[in-house]
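Please read the structure below before turning to the comments.
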């Protein structure tokens, strides 16, 4: 078994090289109490994030809309190398007792990944996702989102302090370029 783990770890590390990974299991942060999904819906702009291979561009935004079946339509857009790219997914509330713990997926064939709203005043949101890999290490994703393309530095600093209090290392967080953004609605019919 040890030999298998020794062989798998380098392979898995190379797989997540564009991600942020840490040794040990995922932290278990508290989520937003009394979360109101209806207030969360709508457009959000990415202010900062932990590195993620699927986010390489600028002008990154997400739009959340309630579907008739009570799932949530997730529409993400970014500008990469001068072209607008989009991804459409679905989110669900995974536990009605904790509505700030959502699951999101961008393929019908993939499982739902955690999408936990740790804190929000519905103008700024701190979102966290974590996946354990063989309980040896975990892959982190964290986002600071806002209803506007920019936030004051003090607000960003306080957001990072909130992540840190929940044992989430955001030292590798990087700002998203939200300058000169004219992202068309690529999902319009």
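The values are calculated or read from the model by the stated rules, or taken from the named source; none is laboratory data. Note that the coordinates shown come from a computational prediction; the quantities given were computed from them, not determined experimentally. Backbone-built Cβ (ideal geometry, glycine too); neighbour counts: all protein chains shown.
Does residue 136 satisfy being touching a helix residue (DSSP H, G or I) at 6+ places or on another chain (Cβ under 8 Å) and surrounded by fewer than 16 Cβ atoms within 10 Å (Cβ to Cβ)?
Against the criterion (touching a helix residue (DSSP H, G or I) at 6+ places or on another chain (Cβ under 8 Å) and surrounded by fewer than 16 Cβ atoms within 10 Å (Cβ to Cβ)), residue 136 qualifies.
Is at least one residue of the stretch 88-104 under 18 Å from residue 176 (Cβ atoms), in contact (Cβ under 8 Å) with a residue 12 or more places away in the chain and not in a loop (DSSP other than H, G, I, E, B)?
Scanning the stretch 88-104, I find no residue that is under 18 Å from residue 176 (Cβ atoms), in contact (Cβ under 8 Å) with a residue 12 or more places away in the chain and not in a loop (DSSP other than H, G, I, E, B), so the answer is no.
For the stretch 44-62, what are the residues that are part of a strand (DSSP E or B) and modelled with pLDDT of 90 or more?
The answer is 44, 45, 46, 47, 48, 49, 58, 59, 60, 61, 62.
Suppose the filter is touching a helix residue (DSSP H, G or I) at 6+ places or on another chain (Cβ under 7 Å) and surrounded by 13 or more Cβ atoms within 10 Å (Cβ to Cβ); does residue 159 pass it?
no
For the stretch 126-181, give me each residue that is over 13 Å from residue 47 (Cα atoms) and under 14 Å from the mean Cα position of the chain (by Cα).
128, 129, 130, 131, 139, 140, 141, 163, 168, 170
Residue 141: surrounded by 17 or more Cβ atoms within 10 Å (Cβ to Cβ), touching a strand residue (DSSP E or B) at 6+ places or on another chain (Cβ under 6 Å) and closer than 20 Å to residue 48 by Cα, yes or no?
The answer is yes for residue 141.
Select, from 30, 65, the only residue that is more than 23 Å from residue 166 (Cα to Cα) and either modelled with pLDDT of 90 or more or not in a strand (DSSP E or B) (or both).
65
In this structure, is residue 107 out of contact with any helix residue (DSSP H, G or I) (no Cβ under 7 Å at 6 or more places or on another chain), assigned to a loop (DSSP other than H, G, I, E, B) and either surrounded by fewer than 13 Cβ atoms within 10 Å (Cβ to Cβ) or without any contact (Cβ under 8 Å) to a residue 24 or more places away in the chain (or both)?
Here the answer is yes, as residue 107 does meet what is asked.
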